[in-house]
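Let me begin by presenting the structure, written as structure tokens, before commenting on it.
The values are calculated or read from the model by the stated rules, or taken from the named source; none is laboratory data. All values reported here derive from a predicted model rather than from experimental measurement. FYI the Cβ positions are ideal-geometry reconstructions off the backbone, even for glycines, and counts take in every protein chain you see. Heavy atoms of the whole protein, side chains included, go into the accessibility calculation; ligands, DNA and RNA do not. Shrake-Rupley method; radii C 1.70, N 1.55, O 1.52, S 1.80 Å.
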Amino acid sequence: MIVKTYCARMDHGGCGIRVHVEKGRITRIEGDPDSPLNRGTLCAKGLAQIERLNHPDRLKYPMRRIGERGEGKWKRITWDEALETISEKIRQSIERHGREAISFAQGTPKGLELYLMIRLANILNIPNISTPGNVCHMPRETASNLTCGFFPIPDYDHPPACVLVWGSNLFQTNEEGILGSQLKRALDQGAKLIVVDPRKTTIASRADLWLQPRPGTDLSLALGVLRVIVEKDLYERPFVENWTKGFPELRDHLQQYPLQKVSAITWIPEEKIVEMADLFSRAKPACIQWGNALEHNPNSFQCARALLILMAITGNLDIPGGNVNRPGPNMMRPGELVQIKRFPDKKEKILSPEFRLSTMMGFVPSQLIVKAILTEKPYPIRMMYIQGGNPLLSYANARETLQAMKKLDFLAISEIFLTPTAQLADIVLPAATHFEFDDIGHYGLPHGFILARPKIVEPMAECWPDSKILNELGKRLGCGDYFWNDMRQCLDEILKPSGMTYDEFKEIGILKGTWEYRAFEKKGFNTPSKKVEIYSEQLKEWGYDPLPHYRELSHDHSEPTGEYGLIFTSAKDPFSFHSAYRNIPSLRRLSPEPIALVHPDTAARFGVNDGDWVAIETKQGMIRQKAKLEREIDPRVIVLSFGWWYPERDDLELSGWKESNLNILTSNDPPYEPAIGSPLLRAVPCRISKSQGF
Ligand code: SF4
């Protein structure tokens, strides 16, 4: 039997796949050539799905810790005991310390489970939900909503004349199969390519113009490009006059960004900035493919605003081949699913009301949860429920995160494998992988469609989908009116406005929204002025910059000086997803060790040879990765690998959580982005030396 479905949970998912099933087991997976999204291509992670599904190290039963945290002593328990313990801990915590003493936390969401977790928290009036949103997606999303009223995505259905890829390596990262293949087709059809990236990525190798900025200075570069476009009258005058608000203020504001200054900040020659502005503004249509690298520093939100302004004043918003709005199909809206109307009740108790945009999205910057656990200010967080997340690897300042996890009164984690963070839990719940339950993919994402991901095989041992765990917890916590008899009922309810049941949806596989171009000409943009808000009165009223203003990070944080004479930035390899899959054999063979890219001149200066282990030190700590000499890196910069631990190393504490973990090197202290709380994860001064392995 062959089942057509969509790859999921190896990253955000979406590539169409054909799954071969024999006697209740999946025997082969191949790309679906009929899928309009990936047209048959699959990445290495997509091909490794069966390995993960049948991996012998998967968590199979709920377990309770019986030794010290991290000691590795567990007792198998029943689901009933696990859920009763967690419910009881939540009840006790609310009673003794208040609802704010609990934090729910999510790693990368891949299906409906994030929404159900928020729903449970909202119904219980628990204010503190932590996600990586402030360093992934939320700065771009909130900037988009405030500036033009929708999240603009590149329209590859109508090949653009030029694509500007900024801080994204989508030929190799999580969207390789979908956006990567669409971008490749656009390039094959003759689109010009501009790439902004400190590293010569595979995409940058194909670029007509590659700009290699000093890490963390993207906003300054964007303002320099805007200045050239405005000064040289390269903007789309009719659009600017009719559909933007605040252009004169922008013109004045850009006087602060002469090219000489921008060039000094970004390390990019002035003539290259002019060339980029010329190429992007003269190509019609043109689009921007932005990545989340932009969101890893305290200029994240305003950098997204600057790129939105660039899309707007060049006349590329909501036109074929530009950056477009893709509303989703008619179904229950995410706000309804998470019971957002209950959210205002808890806003006053949220940990970080000063980060207004984060609060509006219902999340707390994760570093503030860690600080509250440790300092007990403004009040203590005492228990956490973490779903599909590995904070020891993914939160800034891993050592502080470890202390915080150890200090909690109670920690429950739902996971597929026993990650370093899961090893610290009091209760571990075995989560099902995709193929083992019915789910809806791309729900709530701005791609304009949703995907059916039906159950294909029975779950391994006693694994449960996260959505079912949350549904059962909701019922045990006395919120049965808001939860469902079973998850099929939930799926049917979500789909109800479409007039379809989940069974009917499964047959179709994909449901698209109604897409149109230039919708603003009929109804304006979805902003208070009905125009693109270059100057935002709303931001001004809230006390934030109404126009994007580049803030140099303090010397302590971003300038390579003195003994810390290099800057590190980071990259994810194509064979992992954040910190996941180091234990999948086929993927590990492709990426066996953490690689630090170092310029040969820099390596020679520090006595490092190609293939040596190298110690990387910042003021926060030291890790080791393996040096690979790379001539295309700026000699002042090194590029480190993100998300490394060693699942096979039982001899190392918590499976080697700290040896090569990039977040041993990062700080979770301010400065943070003022509106949304992004900390600095890249562009950190460091030094290197030759080292031994471990
Ligand atoms: S790009 Fe993502 S969705 Fe596509 S095959 Fe790879 S992991 Fe799956």
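For the listed peptides 623-630, 131-138, a ranking on the average number of other beta carbons within 10 Å per residue, highest first, reads 131-138, 623-630. Remark: spin-label model distance residue 636-residue 95 equals 6.0 nm, labels positioned 7 Å along the Cα→Cβ axis. Taking every C-alpha pair closer than 8 Å and separated by at least 6 residues, the mean separation divided by the residue count of region 555-691 gives a relative contact order of 36 percent.
For the chain, the relative contact order comes to 18 percent (Cα pairs under 8 Å, sequence separation of at least 6). For region 208-221, backbone phi angles converted through the Karplus equation (6.51, -1.76, 1.60; θ = phi - 60°) give residue-by-residue couplings of 6, 9, 10, 10, 10, x, 4, x, x, 10, 4, 5, 4, 4 Hz, Gly and Pro being listed as x. Solvent-accessible surface of region 1-134, taken per residue with a 1.4 Å probe and all protein chains present: 40 Å².
Shown here are the Rg and Dmax of the Cα trace of region 150-209, at 10.8, 31 Å.
Peptides 438-449, 213-224: what's the order by average Cβ count within 10 Å, highest mean first?
Numbers: 438-449: 20.9, 213-224: 26.8.
Result, highest mean Cβ count within 10 Å first: 213-224, 438-449.
Beta-bridge orientation, the chain: approximately 45 percent antiparallel, per DSSP, counting only bridges with both partners inside. Close amide-amide hydrogen proximity is noted between residue 158 and 321, each under 5 Å apart and 5 or more residues distant or on a separate chain (H modeled in the peptide plane; Pro and chain starts excluded). A simple rule links phi to the HN-Hα coupling: the Karplus curve 6.51 cos²θ - 1.76 cosθ + 1.60 with θ = phi - 60°, which for region 144-160 gives 5, 4, 6, 8, 10, x, 7, 8, x, 10, x, 9, 7, 5, 10, x, x Hz, with x for Gly and Pro.
Of all the accessible heavy-atom surface of region 555-691, with the other protein chains kept in place and a 1.4 Å probe, what percent is carbon and sulfur?
Numbers: 2510 of 5040 Å².
Carbon and sulfur: 50 percent of the exposed surface of region 555-691.
Taking amide H as placed 1.01 Å from N in the peptide plane, the amide H of residue 638 sits under 5 Å from that of 567, 568, 569, each at least 5 places away or on another chain. In angstrom, the C-alpha Rg and Dmax of region 1-145 are 20.0, 57. The stretch between residue 278 and residue 526 holds 86.3 nm of extra length on full extension. This uses 0.36 nm per residue minus the Cα-Cα distance. The string of couplings for region 350-360 from the Karplus curve (6.51, -1.76, 1.60, θ = phi - 60°) is 4, 4, 9, x, 5, 8, 4, 6, 5, 4, 4 Hz, one whole number per residue in order, with x for Gly and Pro. Among the listed pairs 45/200; 658/690; 232/272; 184/531, a Cα-Cα separation exceeding 25 Å is found for 184/531.
Once you sort the root eigenvalues of the Cα gyration tensor of region 555-691 as a ≥ b ≥ c, which label holds: rounded (a/c under 1.5), prolate (a/b larger than b/c) or oblate (the other case)? Write out the running numbers ahead of the final one.
On the way: a/c = 1.71, a/b = 1.16, b/c = 1.48.
Oblate is the answer for region 555-691, as a/c is 1.5 or above yet b/c matches or exceeds a/b.
Beta bridges assigned by DSSP with both partners in region 555-691 are antiparallel in approximately 65 percent of cases. Once the Cα-Cα distance is subtracted from the 0.36 nm per residue extended length, the residue 514 to residue 4 segment shows a gain of 181.2 nm. Computed from the Cα positions only, the extents of region 411-477 along the three principal axes stand at 39, 28, 26 Å, in decreasing order. Amide hydrogen proximity for residue 331: with H placed 1.01 Å from N in the peptide plane, no residue at 5 or more positions away or on another chain lies under 5 Å.
By its C-alpha gyration tensor, with a ≥ b ≥ c as the square roots of the eigenvalues, how is region 2-53 shaped: rounded for a/c under 1.5, else prolate for a/b larger than b/c, else oblate?
Values: a/c = 2.04, a/b = 1.28, b/c = 1.60.
Because a/c hits 1.5 or more and a/b fails to exceed b/c, region 2-53 counts as oblate.
Per-residue packing, averaged as other Cβ atoms within 10 Å, sorts the ranges 304-315, 522-533 into the order 304-315, 522-533, beginning with the highest. Here is how the number arises for the chain: DSSP H runs of 4 or more residues each give -39500 (n - 2.57), the sum is divided by the residue count, and the result at 222 nm is -8000 deg cm²/dmol.
Average projection, convex hull of the Cα set of the chain: 27.9 square nanometres. With the cut-off at under 11 Å, measuring from each backbone N in region 489-520 to a point 7 Å along the Cα-to-Cβ line of residue 157 picks out 512-517. Note on region 401-524: antiparallel DSSP beta bridges, both residues inside, total approximately 55 percent of the bridges counted.
How high is the relative contact order of region 624-694, in percent, counting Cα pairs under 8 Å that sit 6 or more residues apart? Each step should come with its number before you reach the end.
Working: 51 pairs, mean separation 16.2, N = 71.
Reported relative contact order: 23 percent.
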